[in-house]
Amino acid sequence: MRRESGKLLLSVDAEEVFLPVVTAFVEKAASCFGLRTDESLRLTLAAEEVFIYLCRKTTYSGGPLQIACSNGGYFAQAVFSLPTDSFDLKAFNVTAAISLEDDAELDSMGLVIASRSVDRFTLGREKGGELRLTLIKEKSYPPLPSQVEPAVTAALSRPILRSPAPEEIKFISRLAVSYYDTCALSDILLHPGKLTDMITAGEYDCLAAAGESGEIGGAIFWRRLGENMVECFGPYVFNQPTPSAISEDLVDGCIGAVARSTAVGIINIGPPPGFPGGRFELLGTFDSYGPDRTSTAVEAWFRMLSEDTGATVWVHPDLDAFIRREYARLVLPREIRVDRPSGETLPHHSVLCAEFDRPRGRVTLRPMWPGADAAENIMRHLKLMKTENIPDIHFAVDLGQAWQTVFIPGLLGSGFEPRFVLPYAGKGDVVVFQHGVNRQ
């Protein structure tokens, strides 16, 4: 075990005799990174189940297993670098169920337990061919109370844009909930302590419009999305005259800050009322559904900050016409490579990650792993969302990863419709699909 670039690394043979070493390593690391005892134990349980499964069900030829634990500020994670992909990953689907009468499925029980013990996971293949499984456990933060006493701030005559102090970030959360319906807010504002830690960890940035006496009249947030794009949230304006120049000032401040980075553009999906759209280009819309399933249109905006030198995208033939139309409309230079499965061997089971936003009745599905059952897996997830009464179902496909084209026929065949393209929002551009609520 050694400390390297802020990470703790463990190299161990995949033999059950080393299980106590693995569990002690993950538990102590998670505790040092700030997780509570119960949170550390859940991450440890997930790592334990994954390690046991690897010991029993796989054969290694590429050396010892690598496990890295790292601190994300508001979460801790354990990363398994696996020199093999010879085990079935279907247990990481939220729809996974185990039959007690099937011995083969019982062998995967540990992976189901692991997937349910953490908040998030990612799967991917590294350039060297290794499979990387990341288990992420977030710290628990108290939400803002359901009834928030209105936070009062004064109208500002000459606001100054600056980075807020940690205590001001929490106050901004309270202001936002006081002046906006929670449906118009990013969920990052609903947990003030988590937002503070995310900004401290560098995952998010923030600018506040402040008065000479410290009054807060508005704020905007942003984070890196993919390798070359930034997603911004807001601007949120508090107790200012309508229309207010603060909204435009905050957007300009965000644009200026991002322009000094390596990002090529900014995306804003579902901005609050008063968003200065004249500085951006409309990507498209999706439908947001209320409890009675009535819908309102939500807009997605985009602004390029530097010359787009072009990129390569992989497109299934069934999506080709939509993609070409959108690239022509947005004037985005792309080399479009049409690709579809052509009889090559695929893993038996695909994996989808489900990102839930339960207060808004929304879920976003993302491909984590390809499989021959891609269409069936999509239908299983739709059935689960219907059972849980989640009407707003999105699916994000990364055109920078050719293997994700395997999901396109199943998406279109099950009632999903492409709504817009997010440039550079993943490995490449990302197409956002939405399921027709009346087709469930």
### Query
So which residues in region 258-273 are among the small types (Gly, Ala, Ser) and surrounded by fewer than 18 Cβ atoms within 10 Å (Cβ to Cβ)?
Ala259, Ser261
### Query
Of everything in region 255-281 that's touching a strand residue (DSSP E or B) at 6+ places or on another chain (Cβ under 6 Å) and of a type in the set (A, V, I, L, M, F, W, C), which residue is farthest from Gly426 (Cα to Cα)?
Phe280
### Query
Asn389 is checked against (1) of a type outside the set (D, E, K, R); (2) on the phi > 0 side of the Ramachandran plot; (3) crowded, with 23+ Cβ neighbours inside 10 Å and fails just one. What number does that condition carry?
(3)
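Thr44: assigned to a helix (DSSP H, G or I) and either in the same structural domain as Arg120 (by TED's automatic domain parsing) or at pLDDT below 85 (or both), yes or no?
yes
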### Message
Could you check region 63-100 and list, in sequence order, the residues that are β-branched (Val, Ile, Thr), modelled with pLDDT of 65 or more and surrounded by fewer than 21 Cβ atoms within 10 Å (Cβ to Cβ)?
### Response
Val79, Val94, Thr95, Ile98
### Message
Give me the residue from region 101-159 that is at pLDDT 85 or above, closer than 26 Å to Gln401 by Cβ and of a type in the set (Ser, Thr, Tyr) and, out of that set, surrounded by the most Cβ atoms within 10 Å (Cβ to Cβ).
### Response
Ser115
### Message
Looking only at region 146-196, filter to residues that are of a type in the set (Val, Ile, Thr) and touching a residue at least 40 places away in the same chain (Cβ under 8 Å); which one of those is nearest to Gly361 (Cα to Cα)?
### Response
Thr182
### Message
Name the single residue that is nearest to Val258 (Cα to Cα) among those in region 178-214 being among the hydrophobic types (A, V, I, L, M, F, W, C) and assigned to a loop (DSSP other than H, G, I, E, B).
### Response
Ala201
#### Entry: Cys206 vs. criteria modelled with pLDDT of 90 or more and touching a Pro at 6+ places or on another chain (Cβ under 9 Å)
yes
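Conditions tested, residue by residue: (1) modelled with pLDDT of 95 or more; (2) assigned by TED's automatic domain parsing to the domain that holds Pro341; (3) in a loop (DSSP other than H, G, I, E, B); (4) polar (S, T, N, Q).
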residue	(1), (2), (3), (4)
Ala396	yes, yes, no, no
Gln404	yes, yes, no, yes
Phe407	yes, yes, no, no
Leu411	yes, yes, no, no
Phe420	yes, yes, no, no
Tyr424	yes, yes, yes, no
Val431	yes, yes, no, no
### Query
Among Ile246, Ile266, Ile199, which is the only one that is in contact with a Gly (Cβ under 7 Å, 6 or more places away or on another chain) and touching a residue at least 24 places away in the same chain (Cβ under 8 Å)?
Ile246
### Task
Could you grab me the full set of residues in region 262-307 that are among the polar types (S, T, N, Q) and farther than 15 Å from Phe221 by Cβ?
Thr262, Thr285, Ser288, Thr294, Ser295, Thr296, Ser306
### Query
Restricted to region 287-344, and to residues that are basic (Lys, Arg) and either more than 21 Å from Ile393 (Cα to Cα) or surrounded by 17 or more Cβ atoms within 10 Å (Cβ to Cβ) (or both), which residue is nearest to the chain's Cα centre (by Cα)?
Arg303
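The values are calculated or read from the model by the stated rules, or taken from the named source; none is laboratory data. Since the model is a prediction, treat every value here as computed from it, not as a measurement. Neighbour counts run over all protein chains shown; Cβ positions are idealised from the backbone, glycine included.
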